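The structure appears below as structure tokens.
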Amino acid sequence: MQSRRTRSELCVRAVEIFVSMYGAEAGNLALKLMATGGIFVGGGIAPKILRKLQAGEFMAAFVHKGRFERLLRDVPVRVILNDKTALLGAAHAAALRGSLL
């Protein structure tokens, strides 16, 4: 049976790997969309691991794109903290259309 400490170390490593992969994929998306105005990271996970995202691995993986690194360093990345953002956006879009259907 694994000790509690070993399981904790494995969990920490799993989160580190996730954050790195998350950053790499966000960087890929920024390049695909040429999102030079910025990337907004949303969903339920990002706010819960905000400290890990701010620790540096996320951004290191985000910009690690060879000749595109300089471009990505200038792309702002923000984490959406309001869990109602998607609902607010949908309501705004509906209001612009003039109906809820």
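Just wondering, is there one or more residues in the stretch 71-88 that are of a type in the set (Asp, Glu), within 15 Å of the chain's Cα centre (by Cα), loosely packed, with under 15 Cβ neighbours inside 10 Å and not in a helix (DSSP H, G or I)? Yes: one or more hits.
Apart from one condition, ARG67 fits all of (1) surrounded by 10 or more Cβ atoms within 10 Å (Cβ to Cβ); (2) in a helix (DSSP H, G or I); the exception is (1). When residues in the stretch 1-51 are screened for being under 13 Å from the mean Cα position of the chain (by Cα) and of a type outside the set (Ser, Thr, Tyr), 25 of them pass. Selection of first residues in the stretch 47-64 that are more than 21 Å from LYS84 (Cα to Cα) and of second residues that are among the aromatic types (Phe, Trp, Tyr) and assigned to a helix (DSSP H, G or I), restricted to Cβ pairs under 7 Å at least 6 apart or on distinct chains, gives the following pairs, ordered by first then second residue: PHE58/TYR22.
Pairing residues of the stretch 8-36 that are free of Cβ contacts under 8 Å to residues at least 60 places away in the same chain and surrounded by 13 or more Cβ atoms within 10 Å (Cβ to Cβ) with residues that are of a type in the set (Val, Ile, Thr) and part of a helix (DSSP H, G or I), at Cβ distances under 8 Å and at least 6 apart in sequence or on separate chains, gives GLY27/VAL63.
Rule-based calculations on the coordinates, nothing more; no lab input. Model, not experiment: these values are computed from the prediction. Methodologically, a virtual Cβ is constructed for each residue, glycine included, from the backbone with ideal geometry; neighbour enumeration extends over all protein chains shown.
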